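Here the structure comes first, spelled out in structure tokens, and everything after it is commentary.
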């Protein structure tokens with residue numbers, strides 16, 4: 001089991017300099033807005049950019065797990081598909097000793113990068129150099145971007161590319177799983193009865209975003225009964 005990473009100091013910002021960071025799917029913002037469908041068959045998609053995401057590696061039930069739970073304000077999720085909500089984070093189960101903590105709040109600007117500071121804060125709960133409890137906390141905020149799909153047809157859109165059973169009897173709000181969307185590894189997280197978040201690697205953001213837009217097209221046509 002790896003130890004905690006060293007504290008990371010954020011680079012200094014130049015006064016008056018424009019924000020240079022762009023979200024992985026920024027170029028699709030206009031296409032997302034144009035693809036939105038209203039009504040009974042409605043569905044909409046948007047990117048939720050720059051969310052703070054912390055990768056956690058720790059053995060459940062260990063002293064390290066207890067330390068991270070205290071820092072996050074919640075217990076770690078107990079098994080496949082489970083999530084837990086704490087003080088500003090929702091923790092998703094990835095594997096037996098692997099978790100992803102996703103911040104509840106979106107940044108107020110593109111240059112607000114809380115990831116390094118939060119990784120250092122949560123990681124500090126494992127102790128200092130020479131006296132660390134086994135575990136690891138890594139800033140993964142730039143690793144994935146987040147797409148939010150909402151509306152009555154949101155599940156039907158995802159079912160075109162996800163083989164995992166998304167029926168509400170099996171996939172309730174608050175459930176998150178690692179799966180595949182159109183051959184791309186993603187995390188699918190149901191945040192509400194008609195709301196889903198799809199977390200995709202940044203390098204696949206353009207492909208996943210365009211796939212969602214294409215999968216939404218049929219719902220612009222009224223259903224024939």
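Testing residue 130 on (1) at negative phi; (2) out of contact with any helix residue (DSSP H, G or I) (no Cβ under 7 Å at 6 or more places or on another chain); (3) surrounded by fewer than 17 Cβ atoms within 10 Å (Cβ to Cβ), one condition comes back false. Which one is that?
(1)
Does the range 56-71 contain at least one residue that is in a strand (DSSP E or B) and either closer than 30 Å to residue 171 by Cα or outside the structural domain of residue 177 (by TED's automatic domain parsing) (or both)? Even if it seems obvious, please write down each step before you answer.
Taking the range 56-71 and keeping what is in a strand (DSSP E or B), we get 56-57.
Narrowing the set further to residues that are either closer than 30 Å to residue 171 by Cα or outside the structural domain of residue 177 (by TED's automatic domain parsing) (or both) leaves 56-57.
Yes, the range 56-71 has at least one match.
Could you say whether any residue in the range 47-63 is in contact with a strand residue (DSSP E or B) (Cβ under 6 Å, 6 or more places away or on another chain) and more than 30 Å from residue 212 (Cβ to Cβ)?
So far as the range 47-63 goes, yes, one or more of its residues are in contact with a strand residue (DSSP E or B) (Cβ under 6 Å, 6 or more places away or on another chain) and more than 30 Å from residue 212 (Cβ to Cβ).
Within the range 75-100, track down each residue that is touching a helix residue (DSSP H, G or I) at 6+ places or on another chain (Cβ under 6 Å) and either in a strand (DSSP E or B) or in contact (Cβ under 8 Å) with a residue 60 or more places away in the chain (or both).
Within the range 75-100, 89 is the sole residue that qualifies.
Can you say whether residue 123 is touching a helix residue (DSSP H, G or I) at 6+ places or on another chain (Cβ under 9 Å), farther than 25 Å from residue 36 by Cβ and buried (at least 18 other Cβ atoms within 10 Å of the Cβ), as far as the supplied structure shows?
Details: touching a helix residue (DSSP H, G or I) at 6+ places or on another chain (Cβ under 9 Å): yes; farther than 25 Å from residue 36 by Cβ: yes; buried (at least 18 other Cβ atoms within 10 Å of the Cβ): yes.
It is true that residue 123 is touching a helix residue (DSSP H, G or I) at 6+ places or on another chain (Cβ under 9 Å), farther than 25 Å from residue 36 by Cβ and buried (at least 18 other Cβ atoms within 10 Å of the Cβ).
Every residue, every condition in (1) modelled with pLDDT of 95 or more; (2) touching a strand residue (DSSP E or B) at 6+ places or on another chain (Cβ under 6 Å), yes or no:
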{"residue": "1", "(1), (2)": "no, no"}
{"residue": "8", "(1), (2)": "no, no"}
{"residue": "16", "(1), (2)": "no, no"}
{"residue": "21", "(1), (2)": "no, no"}
{"residue": "27", "(1), (2)": "yes, no"}
{"residue": "30", "(1), (2)": "yes, no"}
{"residue": "33", "(1), (2)": "yes, no"}
{"residue": "37", "(1), (2)": "yes, yes"}
{"residue": "41", "(1), (2)": "no, no"}
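Among (1) under 30 Å from residue 79 (Cβ atoms); (2) in contact (Cβ under 8 Å) with a residue 24 or more places away in the chain, which single condition is residue 61 missing?
Of everything listed in (1) under 30 Å from residue 79 (Cβ atoms); (2) in contact (Cβ under 8 Å) with a residue 24 or more places away in the chain, residue 61 misses just condition (2).
Restricting to the range 80-101, name every residue that is surrounded by fewer than 17 Cβ atoms within 10 Å (Cβ to Cβ), on the phi > 0 side of the Ramachandran plot and at pLDDT 95 or above.
none
Being farther than 18 Å from residue 187 by Cα and under 16 Å from the mean Cα position of the chain (by Cα) narrows it down to one residue among 118, 98, 112, 69; which is it?
Values: 98 fails: farther than 18 Å from residue 187 by Cα; 112 fails: under 16 Å from the mean Cα position of the chain (by Cα); 69 fails: under 16 Å from the mean Cα position of the chain (by Cα).
From the options 118, 98, 112, 69, the qualifying one is 118.
The values are calculated or read from the model by the stated rules, or taken from the named source; none is laboratory data. It should be emphasised that the depicted structure is a prediction, and the values quoted were computed from it without experimental measurement. Heads up, the Cβs are rebuilt from the backbone with ideal geometry, glycines too, and the neighbour counts pull from every protein chain shown.
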